[in-house]
1. Could you grab me the full set of residues in region 43-58 that are surrounded by 11 or more Cβ atoms within 10 Å (Cβ to Cβ) and not small (Gly, Ala, Ser)?
2. Using beta carbons and a limit of 9 Å, which pairs, at least six apart or on different chains, have the first residue in region 13-42 and open to solvent by less than 40 Å² (accessible area, probe 1.4 Å) and the second one part of a loop (DSSP other than H, G, I, E, B) and of a type in the set (Val, Ile, Thr)?
3. Output yes when any residue across region 75-90 is modelled with pLDDT under 80 and among the polar types (S, T, N, Q), and no when none is.
4. Report the residue count in region 20-46 for those that are touching a Ser or Thr at 6+ places or on another chain (Cβ under 8 Å) and either part of a strand (DSSP E or B) or within 17 Å of Ala96 (Cβ to Cβ) (or both).
5. At pLDDT below 85 and either within 30 Å of Leu20 (Cα to Cα) or part of a loop (DSSP other than H, G, I, E, B) (or both) - does that describe any residue in region 100-111?
Amino acid sequence: EKVDHEVTSYDALSVTGQYLDRQTRAPLVTYPLVRGSPYLTAAFRGGVLPKLAFLHCQLTGVAGNADGARPAKGVVTGTRIVLTLNQTLQTWVLYADQQVSFRWDAASLSAVVAPKVDFTLRLAAIDFGTPTAAATQVL
């Protein structure tokens, strides 16, 4: 794809970046990064479907399916998806502002269907040892 990346605004505590269509200059992904924030938010536009790749770890559980075995390829749909990396060593929660379907395996999580062209995802890390239910109350 022909995509450009640029910083659209910044201040002492944050920066906002965008991926833009190189020809039309239309924003495809906008993401504010805020110092000290416990999560990352990204707004996807124009039908862009994201992919999370896990380079130095394995996705070993999705939506609470952490049985310790290497996961089979599958599809999960929802607005709140719990991701377990390296068999419970890291837990992340992925929130969506609408139902999004993801295909997943040990190396990646890829959005495959979103009912609307524009949607937002938020990825939050859960501190080691914190129960997912308790962490959700904060987010």
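The values are calculated or read from the model by the stated rules, or taken from the named source; none is laboratory data. It should be emphasised that the depicted structure is a prediction, and the values quoted were computed from it without experimental measurement. Positions of Cβ are generated from backbone atoms using ideal geometry, with glycine treated the same way; all protein chains shown enter the neighbour counts. For accessibility, only protein heavy atoms count, side chains too; no ligands or nucleic acids. Shrake-Rupley method; radii C 1.70, N 1.55, O 1.52, S 1.80 Å.
1. Residues satisfying the conditions are Phe44, Arg45, Val48, Leu49, Pro50, Lys51, Leu52, Phe54, Cys57, Gln58.
2. Listed by first residue and then by second, the contacts come to Leu28/Val48; Val29/Val48.
3. yes
4. Taking region 20-46 first, the residues touching a Ser or Thr at 6+ places or on another chain (Cβ under 8 Å) are 30-35, 41-45.
Filter again for either part of a strand (DSSP E or B) or within 17 Å of Ala96 (Cβ to Cβ) (or both), leaving 30-34, 41-45.
Matching residues across region 20-46 total 10.
5. No: zero hits.
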